[in-house]
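Worksheet for the structure shown next.
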Amino acid sequence: KTMASRKKDGLFFCGEILDIHGYTGGYNITSALVTGRIAGMNAGAFAKEG
Ligand SMILES: Cc1cc2nc3c(=O)[nH]c(=O)nc-3n(C[C@H](O)[C@H](O)[C@H](O)COP(=O)(O)OP(=O)(O)OC[C@H]3O[C@@H](n4cnc5c(N)ncnc54)[C@H](O)[C@@H]3O)c2cc1C
């Protein structure tokens with residue numbers, strides 16, 4: 001939900017680096033933008049907490 005790594009605090013993933021197995025309908029750019037926004041927002045929140 002936050003695109004955060006489960007193994008490393010403060011590490012977030014988005015876009016092409018994700019190995020998504022599921023229905024994206026070929027909308028990889030959309031997926032990259034959406035996961036990028038989520039990862040960016042949560043990385044910012046994480047940085048503020050620290
Ligand atoms: C030929 C082709 C056609 C496609 N057609 C479609 C389509 O029609 N519809 C669709 O939805 N998707 C399409 N895709 C997929 C879509 O383009 C990608 O899924 C999407 O662009 C991934 O975005 P990204 O930001 O994760 O990665 P990228 O767009 O690859 O961005 C990664 C960025 O990181 C930069 N970078 C790399 N290494 C470093 C470094 N060490 N330091 C700093 N920067 C670095 C790169 O220069 C690049 O700008 C297509 C892909 C290809 C190759």
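The packing ranking of peptides 17-27, 31-41, highest mean first, is 31-41, 17-27, where packing means the average number of other beta carbon atoms within 10 angstrom of each residue.
Can you tell me how the chain classifies by the Cα gyration tensor, rounded, prolate or oblate, using a/c under 1.5 as the rounded cut? Because a/c hits 1.5 or more and a/b exceeds b/c, the chain counts as prolate.
Relative to the longest principal axis of the Cα atoms of the chain, the long axis of helix 28-49 lies at roughly 10 degrees. Computed from the C-beta positions of residue 6 and residue 42, the FRET efficiency with R₀ = 22 Å rounds to 0.95. Would you calculate, for the chain, the mean residue ellipticity at 222 nm contributed by helices, counting each DSSP H stretch of 4 or more residues as -39,500 (n - 2.57) and dividing by all residues, to the nearest 500? Calculated mean residue ellipticity at 222 nm is -15500 deg cm²/dmol.
Over the chain, what relative contact order in percent results from Cα pairs under 8 Å that are six or more residues apart?
Values: 45 pairs, mean separation 22.0, N = 50.
This gives 44 percent for the chain.
Readers should treat all values here as calculations from the given coordinates under stated rules, not as data from a laboratory. Computed from a predicted model, the values in this text were never measured in an experiment. All Cβ positions, even for glycine, are placed from backbone atoms using ideal geometry, and neighbour counts span all protein chains on display.
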